[in-house]
Amino acid sequence: MHPAMGDRRQEAALALSALLHLLVTLVLRMDDLSFPRSERIERSMEVEVVAEPRKPLPVPEPPPQHQPAPEPPPAPEPPKARPSPEPPLPLQRPQMKPAPLAETSAVPHPEPARPVQGLSADTGKFSRPAPAAGDLAQSAQDKVLAQVVAMWHFNSNALRGSDMVLSATLVINRDGTLSGPMHKDAPWNPDAVIKGYSGLPDGTTRRMLETFLLALRVAQPLKLPPDDGKPWPRRMLLRFKPGDLSR
């Protein structure tokens with residue numbers, strides 16, 4: 001081998017060795033330089049660990065209070081017994097002839113409520129009780145009815161055999177006149193005296209009540225028994241079947 005070529009190879013090997021040594025040195029220096037930077041980066045990324053807030057414990061619901069048992073519904077009241085119907089009032093039979101007057105009635109009558117005066121007609125059955133007699137003795141009431149019937153111009157044969165009943169509640173003054181719209185000098189006003197007059201059809205019942213009201217006015221002043229010292233005016237109730245009258 002040529003001595004000059006050997007020297008070149010030796011120089012090249014030395015140069016290569018120096019170059020490798022330089023590379024290793026650079027790599028090591030880079031590692032040394034990179035380590036502090038990573039350490040600084042790691043130190044700057046500190047994480048604060050915060051404890052998770054504790055959830056409030058659930059408040060237990062109060063136990064349900066004992067509710068009183070509902071009261072049982074009240075027992076239904078027993079049905080009330082219906083009052084027995086009142087017996088029909090006794091009918092009067094008008095006397096066509098005057099009868100002797102008695103100062104007092106032979107049969108005592110309880111004091112009833114004072115009804116409003118007026119005329120009415122029905123079939124003999126009353127929806128509510130009415131007094132059977134008034135403040136005058138029964139014989140005096142018969143006497144008054146006879147005086148009115150004597151002035152009554154009505155064909156009672158049309159009602160013969162029927163159950164039609166005529167009722168008249170009168171308030172009599174001491175001078176024998178009637179009070180209110182039944183007075184002989186009062187204006188003629190059947191609506192103020194006859195019950196349900198405006199609704200009555202034109203027939204026997206309407207004519208019966210109209211003619212009886214006219215007879216009451218014409219018969220005044222009525223003949224009354226001697227004064228017994230009791231207060232006036234007096235009240236009386238007439239109730240009879242016109243079909244029972246004999247002409």
Qualifying residue in segment 150-164 (condition: under 17 Å from Leu119 (Cβ atoms) and not in a loop (DSSP other than H, G, I, E, B)): yes
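This table checks each residue for (1) at pLDDT 90 or above; (2) outside any loop (DSSP other than H, G, I, E, B); (3) more than 23 Å from Lys143 (Cα to Cα); (4) among the charged types (D, E, K, R).
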site	(1), (2), (3), (4)
Ala168	yes, yes, no, no
Gly176	yes, no, no, no
Asp191	yes, yes, yes, yes
Pro201	yes, no, yes, no
Arg207	yes, yes, yes, yes
Leu214	yes, yes, no, no
Pro221	yes, no, no, no
Lys230	no, no, no, yes
Ser246	no, no, no, no
Evaluation of Asp228 against (1) over 47 Å from the mean Cα position of the chain (by Cα); (2) within 15 Å of Val193 (Cα to Cα) (one fails), failing number: (2)
Some residue of segment 235-242 being assigned to a helix (DSSP H, G or I), under 42 Å from the mean Cα position of the chain (by Cα) and crowded, with 18+ Cβ neighbours inside 10 Å: no
Criterion: among the acidic types (Asp, Glu) and either crowded, with 17+ Cβ neighbours inside 10 Å or closer than 23 Å to Asp135 by Cβ (or both) - qualifying residue of Asp227, Asp202, Asp185, Asp163: Asp227
Matching entry among Leu200, Leu237 (being over 12 Å from Leu119 (Cα atoms), among the hydrophobic types (A, V, I, L, M, F, W, C) and assigned by TED's automatic domain parsing to the domain that holds Ala146): Leu200
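The values are calculated or read from the model by the stated rules, or taken from the named source; none is laboratory data. Worth saying up front: this structure is predicted, and the values here are computed from it rather than measured. Cβ sites come from the backbone with ideal geometry, for glycine too, and all protein chains shown count toward neighbours.
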